[in-house]
Amino acid sequence: MIHSALINMIAAGQTDVGRVRSRNEDSFHLDPARGLAVICDGMGGHAGGDIASRTAVEVVAAVLASQDHADGTASGGTPSPLEEERAAAEAATTVRTAVAAANRRINTLNRQRGFAEGRGMGTTLVGLWRVPGTGRIVVFHAGDSRLYRLRDGELRPLTRDHSLYQVWLDNGRRGQAPQRNIIVRALGTGEQVEPDIAVHDLRPDDLYLLCSDGLTGIVPEGVIQRILTQQPPPTAEDACARLIDLANGAGGLDNITLILARFVLLPA
């Protein structure tokens with residue numbers, strides 16, 4: 001296992017309105033010092049999708065910052081397997097608390113504006129957070145914004161879309177395929193939301209891509225992998241810019257937001 005004190009997160013994030021939409025309803029938050037990256041894709045248009053996404057990233061970031069605990073290992077050195085498991089469980093609980101707080105805030109705003117349950121503004125959410133004191137990360141999401149991991153040259157999704165289209169796939173593709181952008185789980189549209197939360201081990205040089213569907217809805221995964229595995233490797237900033245250019249070149253049908261984060265070992 002890798003001790004978190006030896007890990008540094010190098011990351012970049014960019015957002016673009018695209019070629020069709022008149023407003024950008026995506027938001028992102030990036031805090032390399034905490035190993036935190038979050039993207040939200042707002043829904044609601046003039047009902048306030050941009051407000052929903054901005055509120056979600058602000059609330060989640062604030063809760064995680066306020067509850068961010070220092071290295072709790074007994075010796076201050078490399079944590080034991082039991083200490084890692086305990087820290088990961090505590091971090092997952094903290095993430096769940098943060099997502100619930102963001103959901104309540106957006107839902108309250110909807111009610112104050114007179115929107116009935118399930119209406120008004122909402123937002124997807126995808127994020128990762130390095131578990132303090134360990135070599136692990138918590139991955140969390142609700143909706144169809146995605147998180148991928150590039151490891152040993154292979155790009156693998158670590159999230160599964162909460163969409164009607166994914167439900168259709170899971171049920172054997174029976175009947176007519178639904179539209180891909182119908183979300184079945186999001187923040188703000190109900191009193192409660194249940195995010196998917198998972199813990200993953202870090203390896204040196206793992207590269208994580210978080211993105212809204214403005215990228216994955218138009219740029220194939222194989223093309224994304226090819227950009228990220230080019231030699232010499234592009235910087236995170238250059239790779240973000242090239243992926244956004246590809247999405248816009250293919251039509252730019254939606255807002256495009258992505259974060260690239262690499263975890264590297266600090267010099268001894």
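The values are calculated or read from the model by the stated rules, or taken from the named source; none is laboratory data. All of these numbers come straight from a predicted model, not from anything done at the bench. Neighbour counts run over all protein chains shown; Cβ positions are idealised from the backbone, glycine included. SASA here: full protein model, heavy atoms, side chains in, ligands and nucleic acids out. Shrake-Rupley method; radii C 1.70, N 1.55, O 1.52, S 1.80 Å.
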Solvent-accessible ranking of 83, 154, largest area first, probe 1.4 Å = 154, 83
In debye to the nearest 20, how big a dipole does segment 140-268 give about its Cα centre with +1 on each Lys and Arg Cβ and -1 on each Asp and Glu Cβ?
-> 300
The alpha-carbon center of segment 176-227 and that of segment 127-154 are separated, in whole Å, by 11
With every protein chain left in place, what is the accessible area per residue of segment 177-236 in square angstrom, probe 1.4 Å?
-> 51
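Could you tell me whether the chain comes out rounded, prolate or oblate from its Cα gyration tensor? Rule is a ≥ b ≥ c as square roots of the eigenvalues, rounded for a/c under 1.5, then prolate if a/b exceeds b/c, otherwise oblate.
Oblate is the answer for the chain, as a/c is 1.5 or above yet b/c matches or exceeds a/b.
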Mind pulling up the Rg/Rh value for segment 95-224? Radius of gyration and Kirkwood radius, both on Cα.
-> 1.01
For segment 108-147, averaging the sequence separation of alpha carbon pairs under 8 Å that lie six or more residues apart and dividing by its residue count, the contact order in percent is 34
On the accessible surface of segment 120-268, probed at 1.4 Å with all protein chains in place, carbon and sulfur together account for a percent value of 46
So for the pair residue 117, residue 241, with labels modelled 7 Å out along Cα→Cβ, what separation do we get in nm?
-> 4.9
Residue-normalised 222 nm signal for the chain, counting each DSSP H run of n ≥ 4 as -39,500 (n - 2.57), nearest 500 deg cm²/dmol, is -10000 deg cm²/dmol
A chain fully extended from residue 221 to residue 192 at 0.36 nm per residue, minus the present Cα-Cα distance, gains in nm 7.3 nm
Quick one: length gained pulling residue 177 to residue 93 fully straight, 0.36 nm per residue minus the C-alpha distance?
-> 26.7 nm
Sorted on mean Cβ neighbours within 10 Å (highest first), peptides 104-115, 139-150 come out as 139-150, 104-115
